[in-house]
Amino acid sequence: MAGYFAQIYIHLVFVVKYRRPLIDASWEDELYKYITGIIQGKNQWLIAINGMPDHVHILIGIRPSCCLSDLIREIKKASNAFIQEKGFCRTKFQWQAGYGAFSCRYSDIDDLVSYIKNQKERHRRKSFRSEFKEMLEVGKVEFEERYLEDWLGPKNTPHL
């Protein structure tokens, strides 16, 4: 019988539409548990999840058969509906179109878990804009500044 031998780890980042700070501390744990359930329900592994009021970081292990874009679409669609159904937001909640997805090595998992768990502390010193641009640069992801504006928000966006 043929098999596969793989370890695929992906660091995901997605943001609230217009980077509005809508994820409230009073319900973020419930949201993260719900997202965990989506990932596990798709037979993938959640390793870490955390974020800020305007964005979420998720570290997952995926099977080779997983279509990453389908998984992310399902996470965003289902969690958006969950937030609406629970009435967590006074205004309409939506995720911004797009996402960041960065592969990582097994040997980097512990550092990345720590990085994700310490998001709130990290953003006291560094804006999301600079954090995400650094992730793109370190990952050698080509980008054009003008296309980041909608996703990252204006340059003067506060440290969220």
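Taking the stated definitions as given, is Ser69 under 14 Å from the mean Cα position of the chain (by Cα) and at pLDDT 95 or above? Yes, satisfied. Against the list (1) assigned to a helix (DSSP H, G or I); (2) under 23 Å from His123 (Cα atoms), the condition Ala25 fails is (1). When restricted to residues that are touching a Ser or Thr at 6+ places or on another chain (Cβ under 7 Å) and at pLDDT 90 or above, segment 113-130 contains 0. Applying the criterion of at least 2 residues that are free of Cβ contacts under 8 Å to residues at least 12 places away in the same chain to the strands (runs of 3 or more DSSP E) found wholly in segment 44-160 leaves an empty list.
Filtering segment 1-21 to residues that are within 28 Å of Gly139 (Cα to Cα) and part of a loop (DSSP other than H, G, I, E, B) leaves Tyr4, Phe5, Ala6, Gln7, Arg20, Pro21. The residue list Ile75, Ile62 contains one member that is aliphatic (A, V, I, L, M), surrounded by 14 or more Cβ atoms within 10 Å (Cβ to Cβ) and under 25 Å from Phe5 (Cα atoms), which is Ile62.
The values are calculated or read from the model by the stated rules, or taken from the named source; none is laboratory data. Computed from a predicted model, the values in this text were never measured in an experiment. Every residue, glycine as well, gets a Cβ built from its backbone with ideal geometry; the counts of neighbours run over all protein chains shown.
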